[in-house]
Each structure stands twice: as C-alpha cells, then as structure tokens.
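Note sheet for the following structure.
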Amino acid sequence: MKKIIRLILALCCCGVLIYGGLFLLDKDKQIERFAEKNGLEVSDYPYYIVNMYHRNSETKDFVLNYPLDYGKEQLIDLSEYANSGEVPLFMQWDRRWGYMDYGSSVAGLTACGPVSLSMAGFYLSGGDERFYPNNVIKFAIDEGYCVPGSGSAWSLIYEGGERLGLNVEELPLSESLMAERLHMGKPIICIMGPGDFTSDGHFVVLSDYENGKFKVNDPNSRRNSKKMWSYEDISYQIQNMWVLGKN
C-alpha cells in the first residue's frame, strides 16, 4: 500500500512539473510569435522581462510590448481618477510608466514603492500631477530613495511622503487602529514580507476596510487587489506600515 501511495504522489508531482513546464513553454511561444509578427527578435527581450511574464500572467501586454515601447516618452492623463472618492489602483507595470528605468531594471519590476506612494498621494491630493506614478518614480530616483538591486528604501514613504507634502505617521500593528484610520479616509502603505504578495519585499496600499476585511491595492497584482483580506490573512506579512493624510 505504501508503495502505491508513493507511486501516486510521484505521478502527481510529475504531472505538476510537466504542466508547469508546458505553461512556461506556451508563454515563451507567445513571445516568439509576437516578436516575429512585429519584426523583433527574441533577444530583444531581457531575461528579467521574460521571467516577469513567467511569474505573473497579468504582465503579458507589458512584456510583449517591451521592445516597442521601452525608452519612448508616454502621454499620461489620469484626470479620470481625480476626486473619485477612492484610492486608485495603479499598476507598476502600466505601459505609461512601467518602462522607466528604476534601479537595476525597470519600474514595472521594482517600483512598487513609488507607485504605492503615488496611489495614496493622488487620492489625498485630489489628483495632483506631482503624484502621477511617473513623477513619483522620478522623485524617488532623483532624491536617492531608489536602491539598485533592492527597489526602494522604506524612507521613501515616511520621509519622501512628507517632502511631497503629506502627513505620514508610523502605525503599530493593530486591526482597530488600521480600520479607524481607513474610515477617516487615510490610506495605509505597508511593506510586506514573504507570503501572499511577495517572496522578498513589496509595498502595497490598504485602501478600505469593510465587513471586517481590508481592501489591498497591490501595484503588482489586479487579482490580489480584487480580493478582501482579513487581518489574520495579512498581519503576519506586514513588516512596517505608515498611515498617510493631508497636511
């Protein structure tokens, strides 16, 4: 019986590996087909851009168009989100700013910090252009908050946020305090450790609290942003957090 169980487990593992391999192969084929159709070479895609698509299927459009759009200046108009009454969801791999150089790669991969600060600041300011993601990314680079190989320094939020005109307060890990601040219309930026959002470190924005659960604006995942998360779901992953308000 034990041999049969071990055989079944081995077959299941093999099945997962084969499926996973075919899934990645299909993504590579999609890149190859897009490149051929648009007069590109597969070599035009840096390995970290290809791996980005392997890890996150949501980035397909961003990855495929990388050789076509990288280095191009983009027109950005976010007026549709201004004064909407809610914290907007901006993705770090949005093609309008995701191809900007940031640290050791591009903003689409490493700019979760400035894009999170952008979401909170844009909401609190009623859509001020200084909080457009591209402008906050540039601010982080120019002022030394971008850390090559690591993304962004935590000080981008508590120091950079103040310099951009926001009131920033470090918040202890407490569901009641977090819910209270959110009900006051003050978004919370969290730096997350390994878990549901990252295998390393990642900035997200807590934007609302309803029926005992938090809404998380994850700049790297629309899927995560559509879910509601309980305190138990996220509390053990939070390494630090700051509540932001108007000055």
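The values are calculated or read from the model by the stated rules, or taken from the named source; none is laboratory data. All values reported here derive from a predicted model rather than from experimental measurement. Using ideal geometry, Cβ is built from the backbone for each residue, glycine included, and neighbour counts are taken over all protein chains shown.
From the set of residues in the range 125-149 that are outside any helix (DSSP H, G or I) and in contact with a helix residue (DSSP H, G or I) (Cβ under 8 Å, 6 or more places away or on another chain), which is farthest from P88 (Cα to Cα)?
We begin by selecting, within the range 125-149, every residue outside any helix (DSSP H, G or I); these are 126-128, 132, 143-149.
Now drop any that are not in contact with a helix residue (DSSP H, G or I) (Cβ under 8 Å, 6 or more places away or on another chain), which leaves 127-128, 132, 143, 145-146.
Numbers: G127: 10, D128: 13, Y132: 11, E143: 25, Y145: 23, C146: 23 Å.
Only one residue fits best here, namely E143.
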Determine if the range 108-115 includes at least one residue that is hydroxyl-bearing (S, T, Y), part of a helix (DSSP H, G or I) and crowded, with 17+ Cβ neighbours inside 10 Å. yes
Among (1) within 21 Å of C112 (Cβ to Cβ); (2) more than 14 Å from the chain's Cα centre (by Cα); (3) among the small types (G, A, S) - the single one G165 does not satisfy: (1)
Kindly indicate which of V204, V136, V168 is touching a Leu at 6+ places or on another chain (Cβ under 6 Å) and either farther than 16 Å from K246 by Cα or among the acidic types (D, E) (or both). V136
Tell me which of these K60 doesn't satisfy, since it passes every other one: (1) charged (D, E, K, R); (2) in contact (Cβ under 8 Å) with a residue 40 or more places away in the chain; (3) over 21 Å from Y132 (Cβ atoms). (2)
If you go through the range 111-120 one residue at a time, do you hit one that is in the same structural domain as P187 (by TED's automatic domain parsing) and over 18 Å from the mean Cα position of the chain (by Cα)? no
Is it the case that E73 is of a type in the set (D, E) and either part of a helix (DSSP H, G or I) or without any contact (Cβ under 8 Å) to a residue 12 or more places away in the chain (or both)? yes
Members of the range 224-243 that are in contact (Cβ under 8 Å) with a residue 40 or more places away in the chain and within 17 Å of L173 (Cβ to Cβ): Y231, I234, S235, Y236, Q237, I238, Q239, N240, M241, W242, V243
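Go through the range 193-236 and report how many residues are assigned to a loop (DSSP other than H, G, I, E, B) and within 20 Å of L117 (Cα to Cα).
As a first pass, look at the range 193-236 and keep what is assigned to a loop (DSSP other than H, G, I, E, B): 193-201, 211-212, 218-221, 227.
Narrowing further to those that are within 20 Å of L117 (Cα to Cα): 193, 197-198, 200-201, 218-221.
Number satisfying all stated conditions: 9.
Each row is one residue, and each column tells you yes or no for (1) of a type outside the set (D, E); (2) over 20 Å from P133 (Cα atoms); (3) at pLDDT below 95.
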position: A179; (1), (2), (3): yes, yes, no
position: K186; (1), (2), (3): yes, no, no
position: G195; (1), (2), (3): yes, yes, no
position: D200; (1), (2), (3): no, yes, yes
position: F203; (1), (2), (3): yes, no, no
position: F214; (1), (2), (3): yes, yes, no
position: S225; (1), (2), (3): yes, no, no
position: I238; (1), (2), (3): yes, yes, no
Please specify each residue of the range 155-170 satisfying the condition of being surrounded by 20 or more Cβ atoms within 10 Å (Cβ to Cβ) and either of a type in the set (S, T, N, Q) or in a loop (DSSP other than H, G, I, E, B) (or both). L164
Suppose the filter is on the phi < 0 side of the Ramachandran plot, of a type in the set (G, A, S), surrounded by fewer than 16 Cβ atoms within 10 Å (Cβ to Cβ) and touching a residue at least 40 places away in the same chain (Cβ under 8 Å); does S221 pass it? no
